[in-house]
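Worksheet: one structure, shown below.
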Amino acid sequence: MSVLDRFSLQGRVALVTGGRKGLGYEIARGFIDAGARVIITGRDGPKLAAASKALGPFAEYAAFDIADAPARRGAIKDIYRRHGKIDILVNNVGARDRRSLGEFTDEEIATLLNTDLLAAISLSRDVAERMKAAGHGRLIFLTSLLGTLAMPGDTIYPVAKQGLAGLCRALAVEYGPHGITSNAIAPGMFATETNAHLASDPNMLAFAAGRVPLGRWGRPEEIAGAALFLASDAASFVNGQTLTVDGGHSVRM
């Protein structure tokens, strides 16, 4: 097998949570280009259907709230009924609420952690336990620069992302003996739809120009190569690692 052949996802089935837009959509598109069948998830059925149609005939969608445990389990069961497997799981969903700790209620903290961390733990368990039978699988987590850093006025999101980074390492050890790798991608500043208001702000453009060695925000499609690498046989001996995709932001003093 050639080096380029090892990047093929031909015959693989991938589940990308939050794949309707932004980084999840670009990851899904990259997987499809590499030959995979991809199921994207989200809460908005009509918008998911439109995104799936735009991705082409090798895309499907499953509309459910990742934090709704019965709906999540039902969706996974249905995917296995139709396809018999999930080879690649990308935990991409993440909600963000930029507030200081004192501004949160206990209920709001629980809601954010359920969406950003606890749901990923449960989903990874349900999929990885099934992957064991095949002796092969790829678990990929979208963390953040805030998986290792923090900033004032943005408290709970870093907690969840640091939890995901720990989960990635724990599952690498837990499931590695079964042929299942677990890795993470830590994106920096990406000009997604969600961040459009920030990416067009003159102050934030100036910040990126001064802080990011490449001098700009990332383009959403620039995440796909990292995800494809970790999902493919090219990364067959990469396990428990976080690949930072940030234009050098995290290494500049």
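The values are calculated or read from the model by the stated rules, or taken from the named source; none is laboratory data. What you are looking at is a predicted structure, and each value in this text was computed from that prediction instead of being measured. With ideal geometry, Cβ positions are generated from the backbone for all residues, glycine too; neighbour counts draw on all protein chains shown. The area values use the complete protein model at the heavy-atom level, side chains included, leaving out ligands, DNA and RNA. Shrake-Rupley method; radii C 1.70, N 1.55, O 1.52, S 1.80 Å.
The table below gives the values:
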read-out	value
Filter result (surrounded by fewer than 19 Cβ atoms within 10 Å (Cβ to Cβ), over 21 Å from Arg73 (Cα atoms) and aliphatic (A, V, I, L, M)) within region 123-154	Leu146, Leu149, Ala150, Met151
Matching residues, region 188-214, being free of Cβ contacts under 8 Å to residues at least 40 places away in the same chain and touching a Gly at 6+ places or on another chain (Cβ under 8 Å)	Ala191, Ala208, Ala209, Pro213, Leu214
Qualifying residue in region 180-187 (condition: without any contact (Cβ under 8 Å) to a residue 60 or more places away in the chain and farther than 22 Å from Ala34 by Cα)	no
Residue, farthest from the chain's Cα centre (by Cα), within region 1-22, restricted to residues that are within 19 Å of Leu123 (Cβ to Cβ) and open to solvent by less than 30 Å² (accessible area, probe 1.4 Å)	Val13
Residue that is most open to solvent (accessible area, probe 1.4 Å) [pool: residues in region 79-104 that are more than 21 Å from the chain's Cα centre (by Cα) and modelled with pLDDT of 95 or more]	Arg81
Extreme residue, surrounded by the most Cβ atoms within 10 Å (Cβ to Cβ), among residues of region 242-253 that are over 22 Å from Leu4 (Cβ atoms) and of a type outside the set (Ser, Thr, Tyr)	Gly247
Residue check, Gly35 under 21 Å from Glu221 (Cα atoms), small (Gly, Ala, Ser) and open to solvent by less than 40 Å² (accessible area, probe 1.4 Å)	yes
Region 173-214: number of residues that are under 17 Å from the mean Cα position of the chain (by Cα), surrounded by 14 or more Cβ atoms within 10 Å (Cβ to Cβ) and more than 30 Å from Ala134 (Cβ to Cβ)	7
Scan of region 228-251 for residues that are under 20 Å from Val173 (Cα atoms) and within 13 Å of the chain's Cα centre (by Cα), ordered by number	Leu230, Ala231, Thr242, Leu243
Segments classed as strands (runs of 3 or more DSSP E), wholly inside region 4-90, with at least 1 members that are polar (S, T, N, Q)	37-42
Pairs with Cβ under 6 Å, 6+ apart, first in region 74-92 and among the aromatic types (Phe, Trp, Tyr), second surrounded by 20 or more Cβ atoms within 10 Å (Cβ to Cβ)	none
Residue within region 155-172 that is buried (at least 16 other Cβ atoms within 10 Å of the Cβ), touching a residue at least 40 places away in the same chain (Cβ under 8 Å) and among the charged types (D, E, K, R) present	yes
